[in-house]
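Working notes for the structure below.
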Amino acid sequence: MDLGLEGKRAAVAAASRGLGFAVAAALAAEGARVAICGRDRGRIEAAAERIGPTAEPVVADVSTPEGAERFVAEARRRLGGVDILVTNAGGPPPGTFESTPLEAYRPALDLNLLSVVAMCRAAVPEMRARRFGRVVAITSLAVRQPYPDLILSNTARAGVTGFLKTLAREVAADGVTVNSLQPGSHATERLLELGGSPDEIAAGIEAGTIGRPEDFGAVAAFLCSEQARFITGAAIPVDGGEYAGLL
């Protein structure tokens, strides 16, 4: 299926590895030009080389709203505009209500909520003026089913989901779609950092396996396609059946 992404310009945040990299690679495979960012120059340049000649490496830190906004501005400069925005960032440290001090919430909100707001503010007005745009946010299954010991992530990602739903309704008539993907357990470095073996994690997933990043990237690429123009305001689990709720 031709997704209609040939020549589209995509800014993909935090894409030196993991799900961000998988999304950028999937978009590039469909003919999009991609600007990808990471904090480490060597790592992001290596990622761009793996993706191919249509990838532009940008050294940027999206853990603050200011850094997130600068990334979009540099992506626009490199690509000549931004048709697709994929927001992404690492997760904040683990912790419970009891173990997490109040001052830890602000950087977590900067990382997983306000950075998304900043990237959207930097990219969406141009999309609306052009009457085409795609915003895909990588959040977490924790929005539907909060994870134990991840109170900061659970809080911030739930907040950004509310923001994205509101934005989607405001810009729908302008040809801009806004959706989020809620990954469950995928074979990424983040999964290993949080502990637990892949086999143990897979035992709790109905599909019997953890997800492949490239499959997640393919779902994101579809949401950016021409064919997905009537999907907006959606928060879609990509989890192998891990989430058991009806809604």
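The values are calculated or read from the model by the stated rules, or taken from the named source; none is laboratory data. All of these numbers come straight from a predicted model, not from anything done at the bench. Positions of Cβ are backbone-derived with ideal geometry, glycine not excepted, and every protein chain shown enters the neighbour counts.
Can you report the number of residues in segment 203-247 which are assigned to a loop (DSSP other than H, G, I, E, B) and not hydroxyl-bearing (Ser, Thr, Tyr)?
Kept after step one, since they are assigned to a loop (DSSP other than H, G, I, E, B), are these residues of segment 203-247: 203-210, 212, 224-234, 239-247.
Still in the list and also not hydroxyl-bearing (Ser, Thr, Tyr): 203-208, 210, 212, 224, 226-231, 233-234, 239-242, 244-247.
The qualifying residues number 25.
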I'm trying to understand the selection: among the residues of segment 226-247, which are closer than 25 Å to GLY18 by Cβ and either in contact with a strand residue (DSSP E or B) (Cβ under 9 Å, 6 or more places away or on another chain) or surrounded by 15 or more Cβ atoms within 10 Å (Cβ to Cβ) (or both)?
ALA228, ILE231, ALA234, ALA235, ILE236, PRO237, VAL238, ASP239, GLY240, GLU242, TYR243
Tally, over segment 9-46, of residues that are touching a residue at least 60 places away in the same chain (Cβ under 8 Å), buried (at least 24 other Cβ atoms within 10 Å of the Cβ) and in a strand (DSSP E or B):
3
Quick one: what pairs do we get from segment 206-225, first residue under 18 Å from ASP2 (Cα atoms) and buried (at least 24 other Cβ atoms within 10 Å of the Cβ), second among the polar types (S, T, N, Q) and at pLDDT 95 or above, C-beta under 6 Å, 6+ apart or different chains?
LEU223/ASN179
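Here are some residues: ARG157, ARG190. Which one is within 27 Å of THR100 (Cα to Cα), at pLDDT below 80, of a type in the set (D, E, K, R) and within 16 Å of the chain's Cα centre (by Cα)? Lay out the reasoning, then the answer.
Working: ARG157 fails: at pLDDT below 80.
The conditions single out ARG190.
Can you find even one residue in segment 56-66 that is part of a loop (DSSP other than H, G, I, E, B) and exposed (fewer than 15 other Cβ atoms within 10 Å of the Cβ)?
Our first condition is that a residue be part of a loop (DSSP other than H, G, I, E, B); within segment 56-66, this holds for 60-64.
When the remaining residues are screened for being exposed (fewer than 15 other Cβ atoms within 10 Å of the Cβ), the result is none.
Taking every residue of segment 56-66 in turn, none turns out to be part of a loop (DSSP other than H, G, I, E, B) and exposed (fewer than 15 other Cβ atoms within 10 Å of the Cβ).
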Check whether at least one residue in segment 84-97 is touching a residue at least 12 places away in the same chain (Cβ under 8 Å), surrounded by fewer than 17 Cβ atoms within 10 Å (Cβ to Cβ) and hydrophobic (A, V, I, L, M, F, W, C), and report yes or no.
yes
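Out of segment 127-154, which residues are part of a helix (DSSP H, G or I), modelled with pLDDT of 95 or more and in contact with a helix residue (DSSP H, G or I) (Cβ under 7 Å, 6 or more places away or on another chain)?
ARG128, LEU152, SER153, ASN154
From the list ALA122, ALA118, ALA172, which residue is surrounded by fewer than 21 Cβ atoms within 10 Å (Cβ to Cβ) and in a helix (DSSP H, G or I)? Spell out how you get there, then give the answer.
Working: ALA122 fails: surrounded by fewer than 21 Cβ atoms within 10 Å (Cβ to Cβ); ALA118 fails: surrounded by fewer than 21 Cβ atoms within 10 Å (Cβ to Cβ).
Testing whether each residue is surrounded by fewer than 21 Cβ atoms within 10 Å (Cβ to Cβ) and in a helix (DSSP H, G or I) leaves just ALA172.
Yes or no: ALA24 over 13 Å from the mean Cα position of the chain (by Cα) and of a type in the set (A, V, I, L, M, F, W, C)? Explain how you work it out, then say what you get.
Numbers: over 13 Å from the mean Cα position of the chain (by Cα): no; of a type in the set (A, V, I, L, M, F, W, C): yes.
In short, no.
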